[in-house]
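Enquirer: The structure is given below, and queries will be raised subsequently.
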Amino acid sequence: MPEQLTPERLGAQVAPGALAPGGAPAAGARPRRRSAGQRLAPYLLLGLPVLLVCLALGYPMVRQLVMSFQEFGLAQQFGRPPEFVGLRNYADVVTDPYFWVVVGRSIAFCAVSAAVTMLFGVGFAVLMQHVSRLPRVLLQSALVLAWAMPPIAALTVYTWLVEPRYGFVNWLLTSLGLQSFDGYAWLAASAWTFFLVASVTVVWTSVPLVTLSTYAALTQVDEEVVEAAQLDGASGYQRLRHVLLPIVRPVVLLLLMLQVIWDMKVFTQIKVLQAGAGNNERTNLLGTYVYETGIGGGDYGMASALATVMLVLVLLMTWRYLRTLMKQGEL
Amino acid sequence: MATTEAPTPAARRPVTTARGRHRRLWNVVALLFAALWAFPVYWMLNSALMPAERLRQNPPLLAPLHPTLDSFAGILTDRVFWTSLGFSMAVTLLAVLVSVVGATLAAVTLSRFRFGGRRAAIVAVLVIQMIPAEALFISQYRMLDGWGLLNSVPGLSLLYVGLVLPFTVWMLKGFVDGVPVGLEEAATVDGCSRIGAFFRVTFPLLGPGLVATGVFGFLVAWNEYTLAFVMLASGDRLTLPVWLQTFSSNVQETDWSGVMAGSSLIAVPVIVLFLLVQNAMTKGMVAGAVKG
């Protein structure tokens, strides 16, 4: 199988970072003429994976794009051929004021959740550098626990924690003297507390990855650099601000970008919490709005247009992440 | 995650009192946050071990003083739990099996061959990885509906392959990159065919990587909610996450203990697997990078 292993090709075409460790060119190997079979081999090997991706993602994506230019409602589901309507679905989407409400809401939710996640995530990483072994290990373990928790189990627990009558949160708040929380329905009473709970669940799940990655990056910072700064009289805060954080900046930016992407397309949290809330119209974000329009309302044309807008949004954000990856030479 | 412990400068210096006091303060802060982050998991287990009636009283009991396994027994005698477990298992295993086979082919090709379009293929892997399931489920639903595969194992598995395969390729490629090409070449010098060299030298070294990647894929598919929820909405076959959600919205008025027992039954094996594979991951990487 691995027919094309001549070191010349490896050396010539691979960025240094991607070169397998220890894969130094062996002396004496020489380029060989490749038969047609050998040249075709990589494409044959890629056949199955490519086919799978095309089936699972490629075809639906093309189909969605086509459907977003069609009138595709209930009638079409029962066999009437869909009719091309040009950009009408997109026009309907962007002239619907509710769409802009949902977009604004999604962006706000994403911005707040991502910012809070990064704040806690990086904060914990710095904190872990300044504490003794036992607290550090305990914090690390607690974070891994939260990270490993299946999202749906976590959401069920959070729903129980904020349950109006017997939930822990209301009990705690009322025992602290805040009587207005007696029987307060966090999910149903107001969109603000609904999104607060949703944001807490998202932050709780997302912080571990940020902390553990940032902490790993921080521990790899050359200690001599830090000590040199210390000798020059830099205070703890100054060392953090001007020495440590700039060094781990690329990692943090990457994590921030991933966070923004994930929080933009959030679906599970909102959908599950909505089951305990009732009024979906006040709490829809992009993901659940697409669902309601398409699967719920049967208007697949509109829903496809919406989903395409969302896809383009997320891929645009992703593009910067990819460029960062490429710049780092990981390809 | 693999975290190397580096002694902080303060640990190696004689501790002055001011610094010692700061450290104590930070220690307390860290412990508080650790408790805060672990609390939901603790509360899940606490509530699951409590008799159902006790959860309908205030104030709540902060620790299960008289633990009972009644709620677990209730779940384990629920037929729907077992059929959902079976369905989840079938969907996930099929998806992971297909993904790992496909990903191994792709990873080895991308790592060991130089061919036209290789770079484009790698970029494609990264881009595809970023496609949110949430933006495609409308047409995926139409597609499965058209093929009569809604509410079926192969239908959902196919979508999970789309979810799992791209990052599996990426992870496995890392592992294959980590096995020195020189090892295989040495084997060919010793008279192995190239295919033989791959299977006798590289493949065994990939073992830990394959296991770790497979388990990661398993966890992703096993925990998945969005696609399962959409594709199974019209039938009576459920994956475990969808079962838990349906179960909890149906019975939560009366039986929070049962819901928490269900959550625990889903969460505990996943957490254990997650911890195991974290170790295997680091070991696999080390094995790949160091040996040879």
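Enquirer: Within the stretch A:70-92, how many residues are free of Cβ contacts under 8 Å to residues at least 60 places away in the same chain and surrounded by 15 or more Cβ atoms within 10 Å (Cβ to Cβ)? Walk me through it before giving the result.
Expert: Going through the stretch A:70-92, the residues free of Cβ contacts under 8 Å to residues at least 60 places away in the same chain turn out to be A:75, A:78-81, A:83-84, A:86-88, A:91.
Next, only the ones that are surrounded by 15 or more Cβ atoms within 10 Å (Cβ to Cβ) stay: A:88.
Result for the stretch A:70-92: 1.
Enquirer: Still on this model: Scanning the stretch A:112-141 for residues that are under 21 Å from the mean Cα position of the chain (by Cα) and without any contact (Cβ under 8 Å) to a residue 60 or more places away in the chain, which turns out farthest from the other protein chains (Cβ to nearest Cβ)?
Expert: A:A115
Enquirer: Find the residue count for the stretch A:261-289, including only residues that are over 19 Å from the mean Cα position of the chain (by Cα) and not aliphatic (A, V, I, L, M).
Expert: Looking only at that region, the number is 8.
Enquirer: Would the stretch B:168-184 turn up any residue that is surrounded by 21 or more Cβ atoms within 10 Å (Cβ to Cβ), assigned to a loop (DSSP other than H, G, I, E, B) and either among the aliphatic types (A, V, I, L, M) or more than 8 Å from every other protein chain (Cβ to nearest Cβ) (or both)?
Expert: Yes, there is a match, as at least one residue in the stretch B:168-184 is surrounded by 21 or more Cβ atoms within 10 Å (Cβ to Cβ), assigned to a loop (DSSP other than H, G, I, E, B) and either among the aliphatic types (A, V, I, L, M) or more than 8 Å from every other protein chain (Cβ to nearest Cβ) (or both).
Enquirer: Also: Can you tell me how many residues within the stretch B:112-124 are facing another protein chain (nearest Cβ under 9 Å) and under 29 Å from A:Q259 (Cα atoms)?
Expert: Adding up the residues that qualify gives 6.
Enquirer: Report, by residue number, each residue of the stretch B:109-158 that is among the β-branched types (V, I, T) and in a helix (DSSP H, G or I).
Expert: Of all residues in the stretch B:109-158, those among the β-branched types (V, I, T) come to B:109, B:122-123, B:125, B:127-128, B:131, B:138, B:153.
Matches in the stretch B:109-158: B:T109, B:I122, B:V123, B:V125, B:V127, B:I128, B:I138, B:V153.
Enquirer: Within the stretch B:94-106, count every residue that is in contact (Cβ under 8 Å) with a residue 40 or more places away in the chain and more than 10 Å from every other protein chain (Cβ to nearest Cβ). Show your work before the answer.
Expert: Taking the stretch B:94-106 first, the residues in contact (Cβ under 8 Å) with a residue 40 or more places away in the chain are B:94-96, B:98-100, B:102-104, B:106.
Add one more test, that the residue is more than 10 Å from every other protein chain (Cβ to nearest Cβ), and what stays is B:94, B:96, B:100.
Qualifying residue count, the stretch B:94-106: 3.
Enquirer: Just to be sure I understand the filter: pairs with C-beta atoms under 6 Å, separated by 6 or more residues or on different chains, first member in the stretch B:116-127 and assigned by TED's automatic domain parsing to the domain that holds B:K173, second member buried (at least 18 other Cβ atoms within 10 Å of the Cβ) and of a type in the set (V, I, T). Which pairs pass?
Expert: From residues that are assigned by TED's automatic domain parsing to the domain that holds B:K173, the pairs are B:V125/B:V169.
Enquirer: Do we have any residue at all in the stretch B:192-209 that's touching a Phe, Trp or Tyr at 6+ places or on another chain (Cβ under 8 Å) and either within 29 Å of B:V259 (Cα to Cα) or crowded, with 22+ Cβ neighbours inside 10 Å (or both)?
Expert: yes
Enquirer: Out of all the residues in the stretch B:200-219, is one or more within 30 Å of A:G296 (Cβ to Cβ) and touching a residue at least 24 places away in the same chain (Cβ under 8 Å)?
Expert: If we filter the stretch B:200-219 for residues that are within 30 Å of A:G296 (Cβ to Cβ), which is where we start, we get B:219.
In the following step, the residues that additionally are touching a residue at least 24 places away in the same chain (Cβ under 8 Å) were identified as B:219.
Yes; the residues of the stretch B:200-219 include at least one that is within 30 Å of A:G296 (Cβ to Cβ) and touching a residue at least 24 places away in the same chain (Cβ under 8 Å).
Enquirer: List pairs: first in the stretch A:260-285 and within 12 Å of A:V202 (Cβ to Cβ), second among the polar types (S, T, N, Q) and in a loop (DSSP other than H, G, I, E, B), Cβ under 9 Å, 6+ apart or cross-chain?
Expert: Filtered contacts from the stretch A:260-285: A:I270/A:N284.
Enquirer: If a residue has to be more than 11 Å from chain B (Cβ to nearest Cβ), closer than 30 Å to A:C110 by Cβ and either in contact with a strand residue (DSSP E or B) (Cβ under 8 Å, 6 or more places away or on another chain) or small (G, A, S) (or both) to count, how many in the stretch A:190-247 make the cut?
Expert: Here the count works out to 5.
Enquirer: Continuing with the same structure: If you check every pair at least six apart or on different chains, which have Cβ atoms under 6 Å apart with a residue in the stretch B:25-49 that is facing chain A (nearest Cβ under 7 Å) first and a residue that is β-branched (V, I, T) second?
Expert: B:W26/A:V131; B:N27/A:V131; B:A30/A:V131; B:P40/A:V157; B:M44/A:V157
Enquirer: Can you say whether A:A189 is of a type outside the set (D, E, K, R) and outside any helix (DSSP H, G or I), as far as the supplied structure shows?
Expert: Working: of a type outside the set (D, E, K, R): yes; outside any helix (DSSP H, G or I): yes.
Against the criterion (of a type outside the set (D, E, K, R) and outside any helix (DSSP H, G or I)), A:A189 qualifies.
Enquirer: Hey, does the stretch A:271-292 have a residue that's at pLDDT 85 or above and part of a loop (DSSP other than H, G, I, E, B)? I'd like the intermediate steps shown before the answer.
Expert: Just the residues of the stretch A:271-292 that are at pLDDT 85 or above, to begin with: A:271-275, A:280-292.
Adding the requirement that they be part of a loop (DSSP other than H, G, I, E, B) leaves A:284-285.
Yes, the stretch A:271-292 contains a residue that is at pLDDT 85 or above and part of a loop (DSSP other than H, G, I, E, B).
The values are calculated or read from the model by the stated rules, or taken from the named source; none is laboratory data. Since the model is a prediction, treat every value here as computed from it, not as a measurement. Backbone-built Cβ (ideal geometry, glycine too); neighbour counts: all protein chains shown.
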